[in-house]
1. Just the residues that are of a type outside the set (K, R) and part of a loop (DSSP other than H, G, I, E, B), please, taken from region 339-364.
2. Is there a residue being β-branched (V, I, T), within 30 Å of A148 (Cα to Cα) and not in a helix (DSSP H, G or I) anywhere in region 369-378?
3. Consider E260 against the criteria (1) over 23 Å from K342 (Cβ atoms); (2) among the charged types (D, E, K, R); (3) at pLDDT below 95: it satisfies all of them except one. Which criterion is unmet?
4. Determine which member of the set I28, I35, I51 is buried (at least 19 other Cβ atoms within 10 Å of the Cβ) and outside any helix (DSSP H, G or I).
5. In region 190-218, how many residues are over 23 Å from G128 (Cα atoms), in contact with a strand residue (DSSP E or B) (Cβ under 8 Å, 6 or more places away or on another chain) and not hydroxyl-bearing (S, T, Y)?
6. Residues of region 74-85 being within 20 Å of the chain's Cα centre (by Cα) and surrounded by fewer than 22 Cβ atoms within 10 Å (Cβ to Cβ), which ones?
7. Could we say that S288 is in contact (Cβ under 8 Å) with a residue 40 or more places away in the chain and polar (S, T, N, Q) here?
8. Which residues, counting only those in region 38-48, are of a type in the set (V, I, T) and assigned to a strand (DSSP E or B)?
Amino acid sequence: MTLEFAGGNTLQLLTNGRGYFPALRRAIDAAQSEIYLETYIFADDDTGRSIAAALARAAARGVRVHVLVDGFGSKGMFEQTRQILHAARIDVLIFGPKTSPLTLRRNRLRRLHRKLVVVDARVAFVGGINIIDDMHTPGHTPPRYDYAVRIEGPLVARVLEQCERLWRRVSWASLKRSAQRHRPVDTAERGTQHALLVVRDNFRHRADIEDAYLEAIRGAHKEVIIANAYFFPGARFRHALRAAAARGVRVVLLLQGRVEYVLLHYASRALYGSLLDAGIEIYEYHRSFLHAKVAVIDRRWATVGSSNIDPFSLMLAREANVVVDDLQFSRELRRSLLEHMKSGAKVVAKRQWRRQPLWRRVLIWSAYGCTRLLMGMAGYGGKH
């Protein structure tokens with residue numbers, strides 16, 4: 001695929017909820033006409049209520065507010081916050097059915113996993129941070145480690161287009177009136193940075209995010225750094241990483257060290273051996289939960305978004321990533337990644353990995369086999 005970057009943008013990297021939520025509240029409090037917000041999780045906690053209160057204040061000023069939440073991701077976590085929004089006469093839609101995690105029918109596993117916000121067709125946010133208190137991490141040092149990007153400039157129009165399109169689809173499916181835009185899109189240049197929005201859906205853009213990664217990795221000359229919470233790539237992705245390392249490119253993976261989802265945690269470790277043998281560096285983040293889905297390649301190409309590198313994100317969920325072609329932004333993200341690797345991660349040594357006890361190897365390969373079986377039952381093709 002050929003990526004066409006839009007110039008004239010100003011991009012601000014936001015690290016964790018400490019950076020993201022204050023910026024989001026400021027944008028909402030400055031809103032004059034319309035807000036779109038999409039999220040996988042909108043929690044009934046202090047952060048969720050704070051954002052809901054800001055949206056309610058905006059609605060009281062006459063701002064049209066649209067909130068789209070995933071039915072599975074927010075299941076059992078959204079009821080109190082939803083009441084706040086409904087009391088403020090805010091339009092709220094739920095994406096998809098509230099399914100069991102054991103449901104394996106492919107169409108029932110398709111979720112809204114992207115995190116997008118557009119305010120007044122002028123400011124947009126794209127990233128991996130849910131509306132949830134990321135300082136609440138029992139047993140770990142908070143906050144959850146994640147990123148988002150604040151955008152001003154022509155790229156906002158693309159983010160708004162995606163939000164409006166999905167809102168209309170869910171409105172029609174819910175037999176509700178579709179939203180109408182209140183003001184023209186602001187396409188004026190606000191800076192000098194080049195970026196584009198890459199989405200994953202179940203229609204024309206099934207493989208766009210994975211293809212964007214692969215194109216950048218295959219063209220890498222010096223360095224590939226990927227930070228990903230749930231890392232279980234298919235054959236094409238693994239081959240591209242190994243091929244880059246064989247060319248002399250430094251390939252670094254920063255992955256989840258904490259156990260969150262037991263099956264995927266152990267299944268993903270079955271890939272470590274071949275990656276380490278190829279000369280790829282693997283670091284596991286243990287300080288807190290790693291939730292980031294970002295990468296920096298050759299210190300110029302970067303991506304920040306919602307898409308993990310696993311079957312769920314790459315083949316089933318609706319995802320959105322910003323891809324950036326900019327030295328300043330990429331260097332800032334790279335510097336942040338290296339700092340977190342130094343302060344919160346442990347290197348996976350090849351020799352030590354080979355000396356794992358038998359029980360752990362059996363656990364890893366059993367989890368791998370089970371995961372592959374579940375992938376096949378869900379219709380996930382092996383060639384990916």
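The values are calculated or read from the model by the stated rules, or taken from the named source; none is laboratory data. Just so it is clear, the structure is predicted and the values come from calculations on it, not from any experiment. Here Cβ is always computed from backbone atoms with ideal geometry, including for glycine, and neighbour counts include all displayed protein chains.
1. Start the filter on region 339-364 by keeping residues that are of a type outside the set (K, R), which leaves 339-341, 343-345, 347-349, 352-353, 356-359, 362-364.
Result: V348, A349, Q356, P357.
2. Start the filter on region 369-378 by keeping residues that are β-branched (V, I, T), which leaves 371.
Subset that is within 30 Å of A148 (Cα to Cα): 371.
When the remaining residues are screened for being not in a helix (DSSP H, G or I), the result is none.
The answer is no; no qualifying residue exists.
3. Here E260 clears every test but (1).
4. Numbers: I28 fails: outside any helix (DSSP H, G or I); I51 fails: outside any helix (DSSP H, G or I).
Being buried (at least 19 other Cβ atoms within 10 Å of the Cβ) and outside any helix (DSSP H, G or I) holds for just one of I28, I35, I51, which is I35.
5. Filtering region 190-218 down to residues over 23 Å from G128 (Cα atoms) leaves 190-192, 218.
When the remaining residues are screened for being in contact with a strand residue (DSSP E or B) (Cβ under 8 Å, 6 or more places away or on another chain), the result is 190-192.
In the following step, the residues that additionally are not hydroxyl-bearing (S, T, Y) were identified as 190-191.
Residues meeting the conditions: 2.
6. Matches in region 74-85: K75, M77.
7. Values: in contact (Cβ under 8 Å) with a residue 40 or more places away in the chain: yes; polar (S, T, N, Q): yes.
Spelling it out, S288 is indeed in contact (Cβ under 8 Å) with a residue 40 or more places away in the chain and polar (S, T, N, Q).
8. Step one: of region 38-48, the residues of a type in the set (V, I, T) are 39, 41, 47.
If the condition is that a residue be of a type in the set (V, I, T) and assigned to a strand (DSSP E or B), then T39 is the only one that fits.
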